[in-house]
Amino acid sequence: MKFTFDWLRDYVAVNGCDAARITDILTMLGLEVDSAAALYEDLAPLRTGRIVAASKHPDADNLQVCQVKIGAETHTIVCGAPNARKGLAVVVAMPGTTLPGDMKIKKAKVRGIESAGMICSERELGLSHDHSGIMELPDGTEDGQVFIDALGMRDTLFEVELTPNRPDCAAVIGIARELAGKLAEPLCLPAVAMPDNPGSASFSVTIEAPELCPRYSARLVKGVKIAPSPWWLRKRLMAIGLRPINNVVDITNYVMMEYGQPLHAFDFDTLAGSRIIVRAPGDVEKHFVTLDGSERALDDQTLLICDGEKPVALAGVMGGLNSEVTAKTVNVLLESACFAPVSIRKTARLLGLVSDASWRFERGVDVENTITVLNRAAALLVEVAGGSQEAGWIDVYPGKKQPLAIPISAARTSRLIGVRFSSEEIISLLTGIGIVCKKIDDDLLHVTPPAFRVDLEREADLVEEVARLYGYDAIPMRQPLAALSYPDQDLAREKRLRAAAIMTSLGYHEAINYSFTTSKFGDMLSLAADDARRRAVRLRNPLSEEMDCLRSMLLPGLLENIRRNISYQNTSIKLFEIGKVFVPKGQDVQPDEKVVLSGVLTGNSFSGAPPLHFPERAVDIFDARGAVEFLLEEMGIPCGADVIRVIHPFDDGIDSFAEPETALIFFAGGAVLGKAGMIKPAVLRAFGVKQDVAFFTLDFDALCALPVKKAQFAPLPAYPAVTRDIALLVADRVAAGDMVEAVRASGEKLIESVALFDIFRGGSLPPGTKSVALSITYRSASKTLTEKNINKTHEKIVRLLTDTFGGSLRAA
């Protein structure tokens, strides 16, 4: 939106405000000023002059030698303009002046006569494209003045970037209204005579599409004389970048920029039947020629303004060539209407034809202001083009609506903005920009937004208006109050993150698979027919056949991950996933969701380690068991028999897809915490995997519920430790781990630690036996141990092991 400072002063007193102050006020009101530039400063060197004598050039038929008086001096200037004549007030560029377009004026001889300057046309001044003759200044203009001062052209041009919700400010009056409200000055609107006799016998208006045209007003002005507009009108239009055309068209553009209401002028004598019909195109109306001479294709949604026979305008976008105001026009029908924004937007986009009118109609215009604008334009037209207004006018208004009353609370407004407002203060702010307010009580107001404020629909909009008018810069700044307390953490999430970090430290990569899976996995895993994991939750509208149910276990997805990695020649893989599995509860009942941690590993157990120090070894069940035990220990859950037990089942509890001889079950108390084992080759073949795979799976919800061993801190030992080894010959069926647990559970205070460091079979040992070697570390917290102390305790441990497991000390 462009406007000038001089134009703005017609509607609001801005005393004491310069361009910078106006820019600041508008910007803080939410109307961002893109630029505020002085107008015509490049024309400041030009002077006004008066031709005191003009004679024909002796050596040229089309040139005149003019004597031009500029103040106290008279200069000879050769001029070729046909309208140069004695007594004419003109604009003179003296030698040394640079005109727009970088044209430098110098003294020059023209056919033997020295010319001291140039008498300028409007095109040479950059004011318009008119080059038919020199610019004629108004009679009475004194010579010798600065040109832009003499014609009142020294001004400031503002350009405001409007948001789509503020079409009311696409008008100089709209901008002035905002300033008036902020400066607490009255808004001075033009005086518009409103005759009391609506109706016309000269023409009729019919609206056949009231949903697209809620209001259409028109008035006839007879006997106009088409001519160039007076200087004041042309100056205003040129200042904002609009090209003057003639007095009729210029008035419609001027009033549009003044009120924001687009107007259109028809040559009344071209309207068949003296009728206006607002309708959609007929079956044979496929094209229409607009004012610019272009033929436009029409569709069924294009709204047309028609006479009794044919279309004469594209509603809200552009008039037609067949009803254009020309030099022969005598009678003018003025249109002031309101059209549906969506309809105008579609038409403008369809035709690639965006005009000043369509831009405003797309955003919404003041439907209650069409008559005021119509009569304002009619009065100005009579003033500048002569003629007379017909006594009445026609106003068809099928889309009239009841005003919207919006309640607003002063207390809620104060709370939202952070400033205390009384209801009277809110009324003062809102009424300053034309919003009607009615006080209901000390807190509640009923606000009726004016029709030009199409953006005010609810209380929040009004609260925003109060804040905007009060001034965002006037709202006190307060730092938010934040309690310096550590927020409560999601313990389950913390444990998931901890578990993931532990697994990655072991060389595992985390996998994330879809919760959607295929029901075929039950057969691929050889699950029993009565296995609960076969009863998956089915999807009514699956994404694909391969995603027809919710997963009941994580293992199939991980096996698919292994197959895909092996296909890319990544044969040594360790993967884990922490995710939900879904257990059905019945028809139309939400399933239970359990969090499970599962892992798979295949290939080289030492993948990624230097082969020199870590020879290649295929993964086995001990790698899976070690990963589980390390995870539990790191999460503070001791793997002793009193918390976690690991058993090798003989039949019951072995998964159908696990090798029976490698199957392990982890118990927490009496409940199953998880399982581990090697997967059967037949199951692996079903998944397309041709190498051994170990797996483990844990009930992560149950794991998180287990008691955690709290970290205990102790001072560094002050006394030395002593290490003794024991090598026992025991039956092959005796578990070495049970022997270690027996030493730990012995209760001997001097024992600091025990470790299994060797198991040997064969050689000279009797068949069915093995040698188990333990290393026991002894230490006292209060003294240095003597040989006697150590031997006494060590002998007790040897007796305990031999008595418990039926073994004997192996000879050195």
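The values are calculated or read from the model by the stated rules, or taken from the named source; none is laboratory data. These figures come from a predicted structure and were not determined experimentally. Quick reminder, even Gly has a Cβ in these numbers, built from the backbone with ideal geometry, and neighbours come from all protein chains shown. Heads up: the accessible areas ignore ligands, DNA and RNA and are worked out on the full protein's heavy atoms, side chains in. Shrake-Rupley method; radii C 1.70, N 1.55, O 1.52, S 1.80 Å.
Asn791 versus Ser775, label points 7 Å from Cα toward the beta carbon: distance in nm?
Simple spin-label model gives 2.5 nm for this pair.
Using the Kirkwood radius over Cα pairs, work out the Stokes-Einstein diffusion coefficient for the chain at 20 °C and 1.002 mPa s, in µm²/s as a whole number.
Using the Kirkwood radius from Cα pairs, D works out to 58 µm²/s.
How much accessible area does Met635 have with a 1.4 Å probe, in Å² rounded to the nearest 10?
Only protein atoms counted, so the area is about 20 Å².
For the range 76-133, what % of the accessible area comes from carbon and sulfur atoms, probe 1.4 Å?
About 48 percent, which is the carbon plus sulfur part of the accessible surface.
So how do 314-322, 568-576, 702-710, 343-351 stack up, highest first, on mean other-Cβ count within 10 Å?
Highest to lowest by the protection proxy: 314-322, 343-351, 568-576, 702-710.
What is the local net charge at Gly636, summed over the other residues whose Cβ is closer than 12 Å to its Cβ (Lys, Arg +1; Asp, Glu -1)?
The answer is +2.
What net charge do the residues around Ile408 carry, taking every other residue with its C-beta under 10 Å from that of Ile408, with Lys and Arg at +1 and Asp and Glu at -1?
Charge balance near Ile408 sits at -2.
With label points built 7 Å along Cα→Cβ from the Cα atoms of Leu716 and Ile245, find their separation and express it in nm.
9.6
Find the centroid of the Cα atoms in the range 300-319 and in the range 175-231, then give the distance between the two in whole Å.
Here the answer is 20 Å between Cα centres.
First check a/c for the range 359-424, with a ≥ b ≥ c the square roots of the eigenvalues of its C-alpha gyration tensor; if it is under 1.5, answer rounded, and if not, answer prolate when a/b is larger than b/c or oblate otherwise.
prolate
Please give the net charge around Val373, taking every other residue with its beta carbon less than 10 angstrom from that of Val373, where Lys and Arg add +1 and Asp and Glu add -1.
-1
Return the inverse of the average 1/r over all pairs of distinct C-alpha atoms in the range 105-224, which is the Kirkwood hydrodynamic radius, in Å to one decimal.
It is 21.4 Å.
Identify, among Ile406, Ile759, Cys338, the residue whose Cα sits farthest towards the positive end of the charge dipole of the chain, taking +1 on the Cβ of Lys and Arg and -1 on the Cβ of Asp and Glu, with the dipole about the Cα centre.
Most positive-ward Cα: Ile759.
Between Asp488 and Val342, take the C-beta separation as r, use R0 = 45 Å, and let me know the FRET efficiency to the nearest 0.05.
0.35
Once you have a ≥ b ≥ c as the square roots of the Cα gyration tensor eigenvalues for the range 560-644, tell me rounded if a/c is under 1.5, and otherwise prolate or oblate according to whether a/b is larger than b/c.
Oblate, since a/c reaches 1.5 and b/c is not below a/b.
Pull up the cross-link candidates among the lysines for Lys328, meaning alpha carbon to alpha carbon under 19 Å and not fewer than 8 places away within one chain.
Within the straight-line limit of under 19 Å, Lys328 reaches these lysines: Lys222, Lys225.
I'd like the FRET efficiency for Ser132 and Leu404, computed as 1/(1 + (r/R0)^6) with the beta carbon distance as r and R0 of 56 Å, rounded to 0.05.
Computed FRET efficiency for Ser132 and Leu404: 0.55.
With the contact rule set at Cα under 8 Å and sequence spacing of 6 or more, what percent relative contact order holds for the chain?
Dividing the mean separation by the residue count of the chain yields 8 percent.
From Cα pairs below 8 angstrom and at least 6 apart in sequence, can you work out the relative contact order of the range 258-336, rounded to a whole percent?
Computed over the range 258-336, the figure is 41 percent.
Charges on Cβ only, +1 for Lys and Arg, -1 for Asp and Glu, centred on the Cα centroid of the range 203-346; of Leu233, Ile277, Leu291, which one is farthest towards the dipole's positive end?
Leu233
Placing unit charges on C-beta atoms (Lys and Arg positive, Asp and Glu negative, everything else neutral), compute the dipole magnitude of the range 1-98 about its Cα centre in debye, rounded to 20.
620
Between their Cα atoms, which of Lys86/Lys106; Lys346/Lys400; Lys749/Lys788; Lys675/Lys709; Lys495/Lys594 are more than 19 Å away from each other?
Lys86/Lys106; Lys346/Lys400; Lys675/Lys709
Would you mind calculating the gained length between Asp461 and Asp652 on full extension (0.36 nm times residue separation, minus the Cα-Cα distance), in nm to one decimal?
So the extension gain works out to 61.8 nm.
Give me the 1.4 Å probe accessible area per residue for the chain, excluding ligands and nucleic acids, in Å².
51
Taking the Cα centre of the range 166-301 as origin, work out the dipole magnitude from +1 charges on Lys and Arg Cβ and -1 charges on Asp and Glu Cβ, in debye rounded to 20.
620
Which of rounded, prolate, oblate describes the range 593-711, given a ≥ b ≥ c as roots of the alpha-carbon gyration tensor eigenvalues and a/c under 1.5 marking rounded, otherwise prolate only if a/b is larger than b/c?
Verdict is oblate for the range 593-711.
Full-extension gain between Arg9 and Glu510, please, as 0.36 nm times their residue separation minus the C-alpha to C-alpha distance.
Between Arg9 and Glu510, full extension yields 173.3 nm more.
What are the ³J(HN,Hα) couplings of the range 145-161, residue after residue, when phi is run through the Karplus curve with 6.51, -1.76, 1.60 and θ = phi - 60°? Round to Hz, x for glycine and proline.
8, 5, 4, 6, 7, 4, 9, x, 9, 6, 7, 10, 9, 9, 10, 10, 8
Over the range 1-68, what percent of the accessible surface lies on carbon and sulfur atoms, probe 1.4 Å?
Answer for the range 1-68 is 45 percent, counting heavy atoms of protein chains only.
How much length would be gained if the chain were fully extended between Leu189 and Asp34, taking 0.36 nm per residue of separation minus their Cα-Cα distance, in nm to one decimal?
Computed gain between Leu189 and Asp34 is 53.2 nm.
Using the 2.2 N^0.38 Å rule of thumb for compact globular proteins, work out how the range 1-145 stacks up: its C-alpha Rg over that value, please.
The value comes to 1.34.
Can you give the FRET efficiency to the nearest 0.05 for Asp299 and Glu383, using r as the Cβ-Cβ distance and R₀ = 35 Å?
0.30
What ranking, highest mean first, results for peptides 690-698, 352-360 when packing means the other Cβ atoms within 10 Å averaged over each residue?
690-698, 352-360
In whole angstrom, how far apart do the alpha carbon centroids of the range 4-48 and the range 392-457 sit?
30
Students sometimes get this wrong: rank Phe760, Phe339 by accessible area, probe 1.4 Å, all chains present, largest first.
Reading off the accessible areas and sorting them downward yields Phe760, Phe339.
To the nearest 20 Debye, how big is the dipole of the chain about its Cα centre, given +1 on the beta carbon of each Lys and Arg and -1 on that of each Asp and Glu?
1860
Work from the charge dipole of the chain (Cβ charges, +1 for Lys and Arg, -1 for Asp and Glu, about the Cα centre) and give the residue of Ile25, Ala150, Thr697 farthest towards its positive end.
About the Cα centre, the residue reaching furthest to the positive side is Thr697.
When only C-alpha pairs under 8 Å and at least 6 residues apart count, what is the relative contact order of the range 481-607, in percent?
The normalised contact order for the range 481-607 reaches 24 percent.
For the ranges 713-723, 223-233, what's the packing order if you count other beta-carbon atoms within 10 Å of each residue, average per peptide, and put the highest first?
The most tightly packed comes first, giving 223-233, 713-723.
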